[in-house]
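In what follows, a structure is listed as structure tokens, so that the remarks can point back to it.
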Amino acid sequence: MGKSLNPKSEDPIALRIFESRIAAICETMGAILRRSAFSPNIRDRLDFSCALFGADGRLLGQATHIPVHLGSMAWAMRDLVDCHDWQPGSRLILNDPYAGGTHLPDVTLIAPVFREHGTRRCCGFVANRAHHADIGSATPGSMPLSRSLADEGVLIEPSWLYRDDALCADTLDAICGRMRDPALAEGDFRAQVAASAWGERALAALLDEWGVDGLEAKAASLNAYAARLARARFAELPDGCWRAADRMDCDGAGGTGPVIRVSLTIEDGAIALDFAGTDAQVAGNLNCPLSVTAAAVYYALRCLLPPETPACAGALDRIRLSAPAGCLVNARAPAATAAGNVETSQRIVDVVLRALAEALPGRIPAASQGTMNNLGLGGERWSYYETMAGGCGAASGSPGRHAVHSHMTNTLNTPAEVLEYHYPVRILRYARRRGSGGAGHRVGGDGLVRQFEFLEPARVTLITERRVYPPWGLAGGQSGAKGVNRLDAQTLPSKVSMDVEAGQVLTIETPGGGGYGRKA
């Protein structure tokens, strides 16, 4: 067994090496998942995330993947650890938003790592989460304009995919059998298993090197270090309470857009956020489980911390979160959640940053595009999904970046060549939407234009935001341009599902970022 280490006397160089080795395991898990996956959504868009957790379910480390995936896992993992009978050779699969997931397309795989220590002992967990473009919804892309969770596809309550190192074939068959392309779906699930298997071996190797007590001591030291950095940075901020609100375009079911309200209190090196006053959960699918809200809050506040802060549980210990049960950002089952993960999460970031801008004038950027511009396409035997980039908000010292994914998404656009090779679609235009960034002393970033020609009839679903209320500027800077959706010459609403014919053209113009400061 490795030598036990005292967290208070941990060598800082050794601690940094430990952090890097944990992150490297997560990055390599991601590389294996990407190279093993069948679908462009995982292989080319990189819509997946990987992380390691301690035996107590606290975040040990993560790759630089997708904030909405990783923050929600960090929030929910401790409950998942406590609620299941973990055994060697087991792997848990789930996508239930109200049991540790986000929305149904995001499927999570969790595996424990055991080591003998007198008696059998669980020493940690490896986890990965991947977005499946088809999760069995009646609407291609599995991002429907749903009104309940049952409309959104296959609900996977936490279930054993492996037990005693053996695949539970009935579980996998029951899931894949409801997909448009069962073989492709199975390939993606097995890619997640392959990434998990490598992560299990890599974490086991660290245990062989350091021992169980040594690994736990290093994890404790890392968490303590991250907590000290967070407390010191938050203690530099002015004490007080600031409030902000922002409205979404619509509820996705024919109603008006709900309002998100937050009170942000800074006191004694800690930050508390209370979403009291936020509108009730809605009939459409903008609803968020609290895990997704936590992910957005963690992301926004993580941006305040020094760049060397480890991505572990200790960095989150000085953050407190509350939201009334049944409100938009703490929805109750069976409320639909497909867009909560991708659209409401973005608006939560916007409203938290708006409150921080009041507390920290000159240090917070204007609003970025505030949407993931979700597009689902498909036919009887094919299904495709992607998100699209847009403009970033300008800051006091720099203009906004053009045509990039921002905030809660960290994916790529699908290359035109890949899209055209796999699906009956042609990309007519893919360009920067010049002039869409908000004017100001610093100009907001431009969005993009992406134009699709359909080569055969298809079903199209759009779930987008910032088509009614533009991304806001700061300090006298102007708002960014609102996004625009069009089919041929017809302007479409921000959320719509429709059939299209061969030869029709869908145009998506994504929003620009807000400007900063008055233009001279």
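No lab work stands behind these numbers, since they all come straight from the coordinates. Note that the structure is predicted; figures quoted are calculated from it, not measured. Cβ atoms come from the backbone with ideal geometry, glycine included; neighbour counts cover every protein chain shown.
Quick notes on this one:
- Under 18 Å of direct C-alpha separation, and excluding same-chain neighbours fewer than eight residues apart, Lys519 reaches these aspartates and glutamates: Asp446.
- Proximal aspartates and glutamates relative to Lys495, as straight alpha-carbon distance under 18 Å, when same-chain residues fewer than 8 apart are discounted: Asp151, Glu152, Asp249, Asp251, Glu343, Glu386, Glu465, Glu509
- Convex hull per residue volume in Å³, alpha carbons only, for region 282-347: 89 Å³
- Entry for region 84-149 at q = 0.18, 0.26, 0.28 Å⁻¹: log10 I(q)/I(0) = -0.72, -1.10, -1.20, Debye formula applied to identical alpha-carbon scatterers, no solvent contribution.
- Alpha-carbon centroid distance for the pair region 398-466 / region 229-261, whole angstrom: 26 Å
- Projected over every direction and averaged, the convex hull enclosing the alpha-carbon atoms of region 7-230 yields 12.6 nm².
- Ellipticity estimate at 222 nm from DSSP helix runs (n ≥ 4, -39,500 (n - 2.57)) divided over the chain, nearest 500: -9000 deg cm²/dmol
- The tail of the calculated P(r) for region 365-520 beyond 28 Å holds 21 percent of all Cα-Cα pairs.
- Residues Met179, Met372, Met498 in ascending order of nearby Cβ atoms (within 10 Å, fewest first): Met498, Met179, Met372.
- Highest-first packing order for the peptide set 139-146, 167-174, 273-280 is 139-146, 273-280, 167-174, based on the mean count of other beta carbon atoms within 10 Å.
- DSSP assigns beta bridges within region 338-478; of those with both partners inside it, close to 100 percent run antiparallel.
- Farthest toward positive dipole pole in the chain [+1 Lys/Arg, -1 Asp/Glu at C-beta], among Pro361, Pro144, Ala331: Pro361
- Sequence-distant contacts, meaning Cα pairs under 8 Å at least 6 residues apart, place the relative contact order of the chain at 15 percent.
- When peptides 50-57, 245-252, 13-20 are sorted by average Cβ neighbour count within 10 Å, with the highest value leading, the order is 50-57, 245-252, 13-20.
- Long-range Cα-Cα pairs in the chain (distance over 41 Å), rounded percent: 18 percent
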